[in-house]
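Engineer: Dumping the structure here so I can ask a few things about it.
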Amino acid sequence: MSPGKTSPARRATGPLVKFGLFALVTVLATALLAATIGNLSGDDEDTYHAVFSDVTGLEDGDDVRVAGVRVGQVEDIRIKDRTLAEVTFTVTADRPLLRGTGAVIHYRNLVGQRYVALTEGAGDRTRLAPDGTIPLSRTRPALDLNTLLNGFKPLFAALSPRDVNQLATEIVRTLQGEGGTVDSLLTHTASLTTTLANRDKLIGSVIDNLNTVLKTLDERGARFAGLLKQLRRVVSGLAADRGPIGESLVGIGDLTAATSGLLKDARPPLKDDIAGLGRLAGTLDDNDKTVEGVLRRLPNKLNKLTGTASYGSWFNFYLCDFDGRIVLPRTKQILTPKVHIARARCDS
């Protein structure tokens, strides 16, 4: 092998060492992350029991904490004596329980998750043996959050969702003894009350407008009451006559159907009549001067005819002009005869 050249084995060893170190670091980081997320520990654990009157919302796997620090988890929940609940949980062996230890179910968040908080109470300071039971007298169920928050509904209705969540969390933490204080709760409530007070002008305007409306209604109380009575009378009359009204609606439906049939039958001749009227109107328009002359002379001639008719029982007519248009039915030949009598009487 010539100097300055690296053997194939050495070239392959370098990447393998780097890959091995990378894989080891990845595995250790993954294990650490899993232990952090799952709160895993390699310590030995002891099992205990606690009897509660109500464990609504508590589930297997929920935390068991001491002073806010997770020391175990809930393993099992079962019915005891038909009206109670027995919770089986584990605690790390380096956190022994005493005979005076109490257990309280707390809200972990507003979503509804719970956890079991272990508290040190007065009484026997001797150690509680593993598989021991915390009696009902030293346990307390979770705060009834629904009843609590229902009392704050009028306040929540005027707040934004963000303020509602902040205030509700503060209330729960304070009442559960989880670091919040009554003073901080009152401070936060005071700030919210100040926000509501800033809306006093708007609320006052609404109240003034409402008073104006109520005053107007009060001034017209008699008329308004009369209107309501008339409306009630109309509604009562309609209700009493609902049978005849229903029957009339049926009759109207039948009439509509009959009218529709009648219009369907009359539509073709009606269409022809309208077309004929259109042609007549066109003819009259084309001969408007002649029509105008006839209409102008017609009253005078009617007067003469009326005077003549009042002294005799017949009329003598003399034909001066005649023209027409005849269409023969078979040959479709068109004849247009015209007759003109050249007499003095016809020229007048």
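Engineer: Of the residues T56, T13, T47, which is at pLDDT 75 or above, over 24 Å from P96 (Cα atoms), surrounded by 10 or more Cβ atoms within 10 Å (Cβ to Cβ) and of a type in the set (S, T, N, Q)?
Structural biologist: None of the other options fit; the residue is T56.
Engineer: For the range 105-130, which positions are of a type in the set (A, V, I, L, M, F, W, C) and touching a residue at least 60 places away in the same chain (Cβ under 8 Å)?
Structural biologist: Answer for the range 105-130, where residues must be of a type in the set (A, V, I, L, M, F, W, C) and touching a residue at least 60 places away in the same chain (Cβ under 8 Å): L110, V116, L128.
Here is a yes/no grid of residues against (1) of a type outside the set (F, W, Y); (2) out of contact with any Ser or Thr (no Cβ under 9 Å at 6 or more places or on another chain); (3) open to solvent by 70 Å² or more (accessible area, probe 1.4 Å); (4) not in a loop (DSSP other than H, G, I, E, B):
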position: G102; (1), (2), (3), (4): yes, no, no, yes
position: I105; (1), (2), (3), (4): yes, no, no, yes
position: Y115; (1), (2), (3), (4): no, yes, no, yes
position: A122; (1), (2), (3), (4): yes, yes, yes, no
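Engineer: While we're on this one: When the range 45-72 is examined, which residues are found to be part of a loop (DSSP other than H, G, I, E, B) and closer than 12 Å to T139 by Cβ?
Structural biologist: Matches in the range 45-72: S53, D54, V55, L58.
Engineer: Let me spell it out: the conditions are (1) buried (at least 16 other Cβ atoms within 10 Å of the Cβ); (2) at pLDDT 85 or above, and L149 meets all of them except one. Which number is the exception?
Structural biologist: Tallying (1) buried (at least 16 other Cβ atoms within 10 Å of the Cβ); (2) at pLDDT 85 or above, L149 fails exactly one: (2).
Engineer: Answer with yes or no whether L136 is open to solvent by 60 Å² or more (accessible area, probe 1.4 Å), modelled with pLDDT of 90 or more and within 30 Å of T47 (Cβ to Cβ). So that I can check it myself, show each step before the final result.
Structural biologist: Working: open to solvent by 60 Å² or more (accessible area, probe 1.4 Å): yes; modelled with pLDDT of 90 or more: yes; within 30 Å of T47 (Cβ to Cβ): yes.
Here the answer is yes, as L136 does meet what is asked.
Engineer: Quick one: in the range 249-287, which of the residues that are over 58 Å from the mean Cα position of the chain (by Cα) and among the hydrophobic types (A, V, I, L, M, F, W, C) is farthest from L238 (Cα to Cα)?
Structural biologist: Residue satisfying both the conditions and the ranking: L284.
Engineer: Let me ask something else. Residue check: is I245 open to solvent by 80 Å² or more (accessible area, probe 1.4 Å) and more than 30 Å from L214 (Cα to Cα)?
Structural biologist: Numbers: open to solvent by 80 Å² or more (accessible area, probe 1.4 Å): no; more than 30 Å from L214 (Cα to Cα): yes.
So I245 does not fit the description; no.
The values are calculated or read from the model by the stated rules, or taken from the named source; none is laboratory data. This structure is a prediction, so every number in the text was calculated from the model and none was measured. Here Cβ is always computed from backbone atoms with ideal geometry, including for glycine, and neighbour counts include all displayed protein chains. Ligands, DNA and RNA are excluded from the accessible area calculation, which covers all protein heavy atoms including side chains. Shrake-Rupley method; radii C 1.70, N 1.55, O 1.52, S 1.80 Å.
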